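FYI, it's all coordinate maths here, none of it is from the lab. Everything numeric in this text was worked out from a predicted model, so none of it was measured. Positions of Cβ are generated from backbone atoms using ideal geometry, with glycine treated the same way; all protein chains shown enter the neighbour counts.
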Amino acid sequence: MPVKIRVEMMGHFKWIRRYFLVVFIIGAFVLVPGIGAGDALAHEGEEHEKKILGGAGTREGLSSSPFRNKRDHEIHWYEWGDEPFERATAEDKLILLDLTAVWCHWCHVMDETSYSDPEIIAMLNRDFIAIRIDTDRRPDLQARYLSGGWPSTDILVPSGELVFGATYLRPEQLKSVLREYQQLYTDHKPEVMKRAKAMQEEMKAAWASHDAPKGAIDPAVITRAVSLMKGNFDKENGGFGASPKFFEHDALTLAFLMHHRTGDEELKEVVLTTLRKQLGIFDPVWGGFYRYSVDEAWTTPHYEKMLDTQAMAIRNYLNAYLLTGERRYRAAVEGIMTYVDRFLSNPGRGGFFASQDADVGSHDPHATFVDGEDYYLLGEKERLAIGIPHVDLTVLTHWNGLMAESYLKVYQALGDERARDFALKTLDMLYVTRYRKGAGIAHYFAHGKPQQSGLLVDQVAFARALIEAYVVTADRSYLQKAEMIVADMHALLEDKTAGGFFDMAFDPDAKGMLLRPEKPTIENARAAMLLSELYYFTENAMYKNGAERTLQYLLGTRSPYPPALGALAVDRYLNYPLHIVVVGEKKEQTTQRLWHESLRVYAPGKTVMLLDPSTDELAIGEVTFPKLSQPAAYVCTDLLCSKPIEKPGELRESLKRFLAATVS
């Protein structure tokens, strides 16, 4: 007889007639309270807080609090590793796996309630092995164990396979689940462990190369995505669909691109309406965007602030400013950067911090807990008198890649040299401290060494930022570093038969669900875009072929992917971007002016290169540029280039004439 295993998802119970139910849901990335400060030393947290407070804060808090029986620190939490699994096996105990988030309000509530309940603390310390996961640091575990959202509450057998998954559980619910599954394990252990062993073998076998259907790289993918975007657009409130509303950065990027290419005014309205309405969840006191809107009108924020949210918002608001010249969009960019500079950056070492909490006092058992709904309605003085929502000082490579790229785009559009310098400082620091040839770049740094090397999400985001660094510096070493990371990505992660990339390298000694292969569609789409980008800068067909294999996998798989992102990846592969090539001595003033004007030109998807006759070959692929007596810029497609443009002030008009001629 199969064992009935009950799984709670979002408060609803389902009876499943099978030995095991494994829940795999891919979502955003989070951080766990109580697991160190990542790259920063302990005193840096204090110094960072002083920088933010500026001597104004008293940290006395309010006179009352809705919680304050916080005792979750009394649970004997383990980090993921060999020790808890060895102990679970030796003591024959189930594992309680908690996936939580530094910034997550309901994670804080569960710490204040369920994990502070004396009976639950005693049960976990006596009868279970408790593991708490930082899923910002461990996106590989998040992809395999996150059960619907944050917090996730999972129960595993000693070898790490999942038998129960839920989100937030009230104290009485959690007590019931712990008792039920302990009894289930006691009564049916042989059956459960037999199935766990079979699952291990199945997962190991799944890493072997296999054939997969290859999808057609069809421009219709772009057309369908644009049509879907228009159909889902909320004309009244901006954004797409109903509540809750999250930022759809890729959809807006696609709309900007297609409006520029086709002149479709409906797409212009989509992006500008959305960007205006989204300002409803912009913090008017400190700047920066909250994570999402609870309502469809962008008036009720969920108050945590994430680095990746800020990074992608910068790009879309920057595009809106370049398209329209309207000050409000530039002000949004500057407001985001003001917030990031103050709260999420390390001016000494370089690097951007991961997130800021929705609530105050969520990590200190002795501090007053203040809900974000109350706190963020206050002004500067009142906020600082209470204290600061916790800033997670972990420097995550993939989000740093996103933000460094965004800062470099700000430099191109607005000439902000401070943004350029900090982005380059960050990329240089991370490359030196985290990259090891053959292992890829690591996800974060802790315990004196790089951690989690070779994850797909980091290779893609960081290599893309290095390409952007090459664009703004003309320093070929940045392009070479990007190529080295991509070489490691192919060697470590590519499925050589079926195409596409795994999220991590196979480890036969991995625990639990880490034996299950994952080929995330979102990161594969971004990997295809990265490879296409490298091809356009190097004309090396190896990258074009890699992009093709990855897209064929992506378009042939049954796994869902965001339509706009898939369309962007297909477009980057199929449609040769506008090239602006400046040829001239880098030190010459005219060269610099032509180069900077090329960087500032609004043309979504364009590439810009500077070729210095004293150091560079004056060729890109089969196109060779003449060495003239004075610097010149060329506007190129895949078929032809313009006449040399020698006056910076004529570049934009020459670009318009050239594009008009090529279209006709």
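Between the Cα long axis of helix 651-663 and the first principal axis of the chain there is an angle of about 90°, rounded to the nearest 10.
Measuring from centroid to centroid over Cα atoms, what is the spacing of segment 312-357 and segment 505-557 in Å? Cα centroid of segment 312-357 versus Cα centroid of segment 505-557: 29 Å apart. Summarising the amide proton neighbourhood of PHE501: residues at separation of 5 or more, or on other chains, whose placed amide H is nearer than 5 Å comprise ASP495.
Would you calculate, for the chain, the mean residue ellipticity at 222 nm contributed by helices, counting each DSSP H stretch of 4 or more residues as -39,500 (n - 2.57) and dividing by all residues, to the nearest 500? Each step should come with its number before you reach the end.
Working: 22 runs with 313 residues, N = 664.
Result for the chain: -15500 deg cm²/dmol, rounded to the nearest 500.
Other residues lying with their Cβ under 11 Å from the Cβ of PRO158 contribute a combined charge of 0, Lys and Arg counting +1, Asp and Glu -1.
Of LYS214/LYS656; LYS449/LYS511; LYS197/LYS437; LYS245/LYS268, which pairs sit farther than 30 Å apart, going by alpha carbon to alpha carbon?
LYS214/LYS656; LYS197/LYS437
Helix 220-232 and the longest principal axis of the Cα set of the chain meet at an angle near 60°.
The Cβ shell under 9 Å around ASP503 holds other residues with a net charge of -2, Lys and Arg each +1, Asp and Glu each -1. Shown for the chain is the translational diffusion coefficient from the Stokes-Einstein equation, using the Kirkwood radius over Cα pairs, a temperature of 25 °C and a viscosity of 0.890 mPa s: 93 µm²/s. Considering Cα pairs under 8 angstrom that are at least six residues apart, work out the relative contact order of segment 579-663 and quote it in whole percent. Result for segment 579-663 is 34 percent.
Can you check what the net charge comes to around GLU518, using other residues whose Cβ is under 12 Å from the Cβ of GLU518 (Lys, Arg +1; Asp, Glu -1)?
Net charge in that neighbourhood comes out at -1.
Converting phi to 3J(HN,Hα) with the Karplus coefficients 6.51, -1.76 and 1.60 and the offset θ = phi - 60°, segment 146-160 yields 5, 10, x, x, 10, x, 9, 10, 10, 10, 10, 6, x, 8, x Hz in sequence order, with x at every glycine or proline. Taking Cα atoms only, the orientation of helix 589-600 departs from the longest principal axis of the chain by about 50 degrees.
For a quick check: sort LYS189, LYS587 by the number of other beta carbons within 10 angstrom, fewest at the front. Before the final figure, lay out each step's value.
Values: LYS189 12, LYS587 9.
Sorted ascending by nearby Cβ count, the order is LYS587, LYS189.
The relative contact order of segment 491-533 comes to 30 percent, based on Cα pairs under 8 Å that sit 6 or more residues apart.
Report, in debye and to the nearest 20, how large the dipole of the chain comes out about its Cα centre when Lys and Arg carry +1 and Asp and Glu carry -1 on their Cβ.
Values: 76 positive and 91 negative charges, 229 e Å.
Roughly 1100 debye for the chain.
Excluding same-chain neighbours fewer than eight residues apart, the lysines reachable from LYS587 by a Cα-Cα span under 18 Å are LYS627, LYS647. Computing FRET efficiency as 1/(1 + (r/R0)^6) for ARG170 and GLU83, where r is the C-beta to C-beta distance and R0 is 45 Å, gives about 0.90. Run the paramagnetic zone check for ALA661: 7 angstrom along Cα to Cβ, then residues of segment 602-644 with backbone nitrogen under 13 Å. Within reach of a label on ALA661: 634-637, 640-644. Here TRP399, TRP106 are placed in order of increasing Cβ neighbour count within 10 Å, fewest first, which gives TRP106, TRP399.
Where the centroid of each part is defined by its Cα atoms, how far is segment 448-478 from segment 150-200 in Å? Comparing the Cα centres of segment 448-478 and segment 150-200, I get a distance of 40 Å.
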